[in-house]
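What follows is calculated from the coordinates using simple rules that are stated; it is not laboratory data. Source: prediction; values computed, not measured. Counting neighbours? That spans all protein chains shown, and the Cβs are built from the backbone with ideal geometry, glycine included.
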């Protein structure tokens, strides 16, 4: 995924929703940060972004799906479900890693 793909995401729903909804979408800066941190998944069709999911690890044991959008021309094809599944897989791995780290920390403290 390129920087241009991320920029395209900010315009994904322009013309397909009311302005007040479009004003609430994730900023380009937040999407760029999410991409760098591995918290952004993008569905591409012919190398054009048609959907995305943006998630955040909001606590050591909590993940939040910030935003998920699929362009209406590509809706009802399972892209949103695939994006959610990918976020769930990532979340499970992140939370398992966090749990393992806490378990190791507690075990180390008990020994000391």
Problem set entry | Scattering curve values for the chain, log₁₀ I(q)/I(0), Debye with Cα scatterers, q = 0.16, 0.21 Å⁻¹ | -0.75, -1.14
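So what is the diffusion coefficient of region 41-90 in µm² per second by Stokes-Einstein at 4 °C and 1.567 mPa s, using a Kirkwood Rh over Cα pairs?
Answer from the Stokes-Einstein relation: 114 µm²/s.
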Exercise. Arranged by the count of other C-beta atoms within 10 angstrom, fewest first, what order do 29, 94 take?
Worked result: 29, 94
For this session: Run through all the Cα pairs of region 1-56 and give the fraction in each 5 Å bin from 0, expressed as whole percent.
Result: 4, 19, 33, 25, 15, 4, 0
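Determine the calculated [θ] at 222 nm for the chain from helices alone, applying -39500 (n - 2.57) to every DSSP H run no shorter than 4 residues and normalising by the residue count; nearest 500 deg cm²/dmol. Walk me through the numbers on the way to the answer.
Values: 4 runs with 54 residues, N = 112.
Value at 222 nm, helices only: -15500 deg cm²/dmol.
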For this session: Among 68, 58, rank each residue by its count of other Cβ atoms within 10 Å, from fewest to most, as a rough exposure measure.
Result: 58, 68
